[in-house]
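Engineer: Dropping a structure here in structure tokens format, bear with me for questions.
The values are calculated or read from the model by the stated rules, or taken from the named source; none is laboratory data. Just so we're clear, the structure is a prediction, and the values are computed from it rather than from any experiment. Methodologically, a virtual Cβ is constructed for each residue, glycine included, from the backbone with ideal geometry; neighbour enumeration extends over all protein chains shown.
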């Protein structure tokens, strides 16, 4: 098929390059000319494993092209994917101006055949209905246009894998022809295709994000209770996760969720639900619980080290998750804001393996950004593990003792071997964890009988 993709963010670019790899002819466009120029010259604006290679493969095969204008490509395309960003305000209003602009730039197909528009953007319920009505009102009377909702479930850092190995493909449509076209387009992807109406597809995307956010916040609330009652949350999570009704995913404790999807989607769903007269009280509580986590970490640091306004504290990791350089609503930014507010003179030294120019620009003033973990840890009175990067897990006890003024580590992701580090003279405190136990007791607890 001939496909156009509007939007060259991670979702749009992965979608375009992925379909080109499956043998389709794809044109990807974006209003940001600088971004398109960089991508076309093989300079990826994002850290996304495997994406640069996928894009180059499509270009080399002559199946993937880039540009800033939609009109010509749309006129020749059988399917137009909209992967336009829909950021949300603090009160959950999704900003759809760019999405409407993209729709308004779509004209009829050159051959007069039916035009199919597939919305991958996360949108409020009912948006696809409105887009179709708007599109049909603008096109010539003899032109047919259908809009389907095909929400994306890609994860930052795993977008390429999620395109080729999706857990499910959701198609919300009001037309049998449109649904069948989507089936043909996705037939080479080994995943169940779930057909539903457009509004259900739109709400399913928001509901999935809400479910993940609730699990994460629940885990962190339970970890706080474990700390107060002398229990060990990682053991609790392992026990709870063995229940097939619950599962082991998204129940690890830490610094909470962030990124481009969960914070935005959850706020949008709460707003939508309130306006619809069906308040989401559980999700609202989960959002509040997530917002409280930086304060909890600050208090833990305060209980561990006195005089914080005169101390140097290293932050190991800044991105909201490993495998990406994305700082959008990252827990690190909330933690930095909390620490600087509570302890005005604190010196913060940060390191992240994925640091780039964009990350530097997003950091608040007064935060030192260093090129290695050693530089950030040098002379620090304490360190907080913020992002679970493999490189950070490899730092040894001897390194901590050699580089830091005081080898005190708050493991905000429970990714370190706290028992081993404590046994070697490093004070390492996890989230929801017991103090270090004698080695023989720890070994017994780790057995599966």
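Engineer: Can you confirm whether the stretch 110-120 contains a residue that is out of contact with any strand residue (DSSP E or B) (no Cβ under 8 Å at 6 or more places or on another chain) and under 22 Å from residue 203 (Cβ atoms)?
Structural biologist: No, the stretch 110-120 has no match at all.
Engineer: With the checklist (1) buried (at least 20 other Cβ atoms within 10 Å of the Cβ); (2) at pLDDT 95 or above; (3) in a helix (DSSP H, G or I) in hand, flag the one item residue 123 doesn't pass.
Structural biologist: That leaves (3) as the condition not met.
Here's the yes/no breakdown for (1) under 22 Å from residue 160 (Cα atoms); (2) surrounded by fewer than 20 Cβ atoms within 10 Å (Cβ to Cβ):
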position	(1), (2)
61	yes, yes
68	no, yes
71	no, yes
74	no, no
81	yes, no
84	yes, no
91	no, yes
101	no, yes
104	no, yes
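Engineer: Looking at (1) in contact with a strand residue (DSSP E or B) (Cβ under 8 Å, 6 or more places away or on another chain); (2) on the phi < 0 side of the Ramachandran plot, find the lone condition where residue 34 falls short.
Structural biologist: (1)
Engineer: Then there's this: So residue 148 ticks every box in (1) touching a residue at least 40 places away in the same chain (Cβ under 8 Å); (2) within 19 Å of residue 13 (Cα to Cα) but one. Which box is left unticked?
Structural biologist: (2)
Engineer: Another question about this same structure. Need the failing condition index for residue 159 against (1) closer than 29 Å to residue 320 by Cβ; (2) more than 21 Å from the chain's Cα centre (by Cα); (3) at pLDDT 95 or above, just the number.
Structural biologist: Exception for residue 159: condition (2).
Engineer: Just the residues that are over 24 Å from the mean Cα position of the chain (by Cα) and either in a loop (DSSP other than H, G, I, E, B) or surrounded by 23 or more Cβ atoms within 10 Å (Cβ to Cβ) (or both), please, taken from the stretch 374-388.
Structural biologist: 376, 377, 378, 379, 380, 381, 383
Engineer: Something else about it: Go over the candidates 391, 338 one by one and state the one that is more than 30 Å from residue 86 (Cβ to Cβ), more than 18 Å from the chain's Cα centre (by Cα), modelled with pLDDT of 95 or more and surrounded by fewer than 20 Cβ atoms within 10 Å (Cβ to Cβ).
Structural biologist: The match here is 391.
Engineer: If you don't mind, another one. For the stretch 401-419, what are the residues that are touching a helix residue (DSSP H, G or I) at 6+ places or on another chain (Cβ under 7 Å) and either closer than 30 Å to residue 157 by Cα or not in a helix (DSSP H, G or I) (or both)?
Structural biologist: Filtering the stretch 401-419 for residues touching a helix residue (DSSP H, G or I) at 6+ places or on another chain (Cβ under 7 Å) gives 403-404, 407-412, 414-416, 419.
Answer for the stretch 401-419, where residues must be touching a helix residue (DSSP H, G or I) at 6+ places or on another chain (Cβ under 7 Å) and either closer than 30 Å to residue 157 by Cα or not in a helix (DSSP H, G or I) (or both): 404, 407, 408, 409, 410, 411, 412, 414, 415, 416, 419.
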